[in-house]
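Read the structure below first, then the notes.
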Amino acid sequence: MGLLWVISAIVDPRHVMQVGPCRILAAILVLGSAIPVCTQSSGNRATAPCNVLQPYTAEFKITHMERLADGTTITRVTKEVDARDSQRRTLRETTSTVPWQGRPAGTEGIVRNPDGGWTDWLSWYRNASTLKMPPPEQRHGCWASAMGSEMRNYDRVQPSRPAAAMPRPASAPPVIENLGTTVIDGVEAYGTRRTTTIPTGQIGNDEPLVTTAETWLSRRLALVLRSVTDDPQEGTTTRELVNLTLGEPDPTLFQPPAGYTIMTQELHQVPCQDQAK
């Protein structure tokens, strides 16, 4: 539920995965830097080898609009809060007002700690899960949580191997444009536009399908401050920064809401042969 670990441009910031009774947002929360240039990757975060981290709190409005074949328009609005503190903890909390993709309306959040532990929560269950990590000096061999939802082998090195070749229809490479720089809420942002075209007939389409993804990235924060993705199959998603505060976030942002049931998991060492693959 590390930036941008972020979306060739941001399309859906609410990807989640199941962990115990709670879902956590996938992905990778915001890492950043102050001066070094940070590279942008997928999602709305940027993986950046940056050492100087700028604490901040950012609020976004995400609007997804989809037009059906009969002309009906479906609009979903999501509020998102991202934050990073000087301890290098990161937060992402999203609040939706309508059900979407099998999830009810409500709030889900995740805090990731620099040691690899995390805390996540879901408003519709009013519960939270916390994973505590072993001290770094003890991280060798195999570890698992009591529920088995988290398993780690700190000694295993995954062998590198080439990805299996997947046959794909021929298509034109994406076109990437440099949009220059602009200032968003007092922060300089660098813009790019990525245009991808699915040729006629490739997936049964009788016309070319053109998708554009525009992003405005703050290299200082390693955070995408604005993005617009227009996909003829999925609709249009706009992610707008509505408030940005530089400096230490409110510490309560990194805690589950009051009154939630909190389940704590701790990793304990286990024989490696007993650890599920």
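Quick note: the coordinates plus some simple rules give every number you see, no bench work behind them. Because the structure is a prediction, the values reported are computed rather than measured. Note: ideal-geometry Cβ built from the backbone for every residue, glycine included; neighbour counts use all protein chains shown.
Which translational diffusion coefficient, to the nearest whole µm²/s, is obtained for segment 61-148 from the Stokes-Einstein equation, given a Kirkwood hydrodynamic radius over C-alpha pairs, 25 °C and 0.890 mPa s? Once the numbers are plugged in, D ends up at 155 µm²/s. Which distance in Å, rounded to a whole number, links the C-alpha centroids of segment 185-231 and segment 65-118? Cα centroid of segment 185-231 versus Cα centroid of segment 65-118: 19 Å apart. In terms of other Cβ atoms within 10 Å, Thr237, Thr72 run from fewest to most in the order Thr72, Thr237. Shown here are the Rg and Dmax of the Cα trace of segment 190-277, at 22.2, 57 Å. In whole angstrom, how long is each semi-axis of the equivalent ellipsoid of segment 58-210, when you take the square root of 5 times every eigenvalue of its Cα gyration tensor and sort them from largest down? Those come to 36, 26, 21 Å. Taking the fewest neighbouring Cβ atoms within 10 Å as the starting point, the ordered list for Glu248, Glu137, Glu108 is Glu137, Glu248, Glu108.
With the biggest extent put first, the Cα atoms of segment 92-141 measure 45, 17, 17 Å across the principal axes. Exposure proxy for Ile262, Ile110: other Cβ atoms within 10 Å of each Cβ, ordered fewest to most, give Ile262, Ile110.
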